[in-house]
Amino acid sequence: MQLIMLGPPGAGKGTQAELLEKKLKVCKLSTGDMLRAAVKAGTEIGKQADAVMKAGQLVSDDIMIRLIRERIANIDCANGFILDGFPRTIAQAEALDVMLASMKKPLSLVIELTVNDEILVERIAGRFSCAKCGAGYHDTFKPTKAAGICDVCGSKEFTRRKDDTRETVKSRLEAYHAQTAPLLPYYQAKGILRSVDGMAEIGDVTLEINKVLESTSK
Ligand code: AP5
Ligand code: MG
């Protein structure tokens, strides 16, 4: 299965992709995570991306297409993949189409998570993740089961993203509406776009996504 998770910052793409990765046994490619790892490692791409991400703008199509092209053909993606955060522009979507055509792996589905802009700031301001295994949490909506201890790996160290400030969220939302939202009609025209209410509780969003997956695999 080749799946894209689409939606504005804070819509729940990463949260749902993490759950789907386990269910579908496919690889999850999160371009945001890949860029943050590059920044941390101090690679050339990381150096170029750091300031752009802090400003809430999009990293260049050239860099992003190169990153995905290098990963998507890996053996761990042989069963398929979930793309979280890619494509984000029409140019990226067109480049992905070319890559997948040459791999003879057409896109199965694009799942859009619809969420009002107002709630996104709250979601992003409360987000944190485990510094060791990367599991994602939220102060209010998804706290750890035991205070201060990661549910998944037991680590006591957590981290917050540098771009999760109220000011940066505004720029990220503007970038989404101007550059990424045009992907909705692009995939609608291909007949593979399905919208899911991302305002519901995390577990209910997962149930809705599972229903969409079941109905399209029939
Ligand atoms: P990226 O890391 O992709 O960030 P984003 O798109 O802004 O999305 P987020 O990760 O903020 O939100 P999400 O939808 O994953 O939400 P989450 O599940 O965490 O990209 C970061 C930057 O990298 C970009 O700004 C850009 O600069 C660059 N970049 C990346 N890809 C690029 C590309 N292709 N081209 C160019 N530049 C690129 O959920 C948010 C919070 O809410 C969590 O705390 C979660 O627990 C909680 N939550 C989730 N679902 C629910 C729910 N249903 N109810 C209540 N709370 C919920
Ligand atoms: Mg994310």
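Figures for the structure shown
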{"item": "Amide H partners (placed H, <5 Å) of residue 135, local residues excluded", "result": "130"}
{"item": "Integer Hz, Karplus 6.51/-1.76/1.60 couplings in order for segment 82-91, x for Gly and Pro", "result": "10, 9, 10, x, 9, x, 10, 9, 4, 4"}
{"item": "Heavy-atom accessible area per residue - segment 162-216, 1.4 Å, Å²", "result": "56"}
{"item": "Positive-pole candidate from 92, 191, 175, dipole of the chain, charges at beta carbon", "result": "92"}
{"item": "Residues with amide H under 5 Å from that of residue 88, placed H, sequence gap 5 or more", "result": "93"}
{"item": "Choice from 89, 159, 31 showing the highest fluctuation, given a GNM over the chain with Cα pairs closer than 10 Å", "result": "159"}
{"item": "Neighbour-limited loop hits for trypsin sites (Lys or Arg not before Pro), segment 129-204 (at most 10 other Cβ within 10 Å; DSSP other than H, G, I, E, B)", "result": "145"}
{"item": "Solvent-accessible area per residue, Å², over segment 4-126 with all protein chains present [probe radius 1.4 Å]", "result": "45"}
{"item": "Ranked order, 5, 34, 199 - accessible area, probe 1.4 Å, largest first", "result": "199, 34, 5"}
{"item": "Apportionment of accessible area to carbon and sulfur, segment 23-153, percent (1.4 Å)", "result": "55"}
{"item": "Prolate/oblate/rounded call for the chain, Cα gyration tensor, a/c under 1.5 rounded", "result": "rounded"}
{"item": "Segment 36-105: relative contact order in percent, alpha carbon pairs under 8 Å with at least 6 residues between", "result": "20"}
{"item": "In order through segment 140-154: 3J(HN,Hα) via Karplus (6.51 cos²θ - 1.76 cosθ + 1.60), integer Hz, x for Gly, Pro", "result": "9, 7, 8, x, 5, 5, 9, 4, x, 10, 5, 4, 7, 10, x"}
{"item": "Gap separating the Cα centres of segment 139-193 and segment 44-101, nearest whole Å", "result": "16"}
{"item": "Segment 163-205, accessible surface, carbon-and-sulfur percent (1.4 angstrom probe)", "result": "53"}
{"item": "Theoretical ellipticity at 222 nm over the chain - DSSP helices of four or more residues, -39500 (n - 2.57) apiece, nearest 500", "result": "-14500 deg cm²/dmol"}
{"item": "Cross-link table 13/145; 28/170; 54/211; 23/132; 23/190; 54/132, entries beyond 29 Å C-alpha to C-alpha", "result": "54/211"}
{"item": "Amide H within-cut-off set for residue 6, under 5 Å, with H built and near neighbours excluded", "result": "111, 112, 113"}
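The values are calculated or read from the model by the stated rules, or taken from the named source; none is laboratory data. All figures in this text were calculated on a predicted structure; none of them were measured in a lab. As a convention, Cβ positions derive from the backbone with ideal geometry for all residues, glycine included, and neighbour counts pool all protein chains shown. These accessible areas exclude ligands, DNA and RNA; they are computed on the full protein's heavy atoms, side chains included. Shrake-Rupley method; radii C 1.70, N 1.55, O 1.52, S 1.80 Å.
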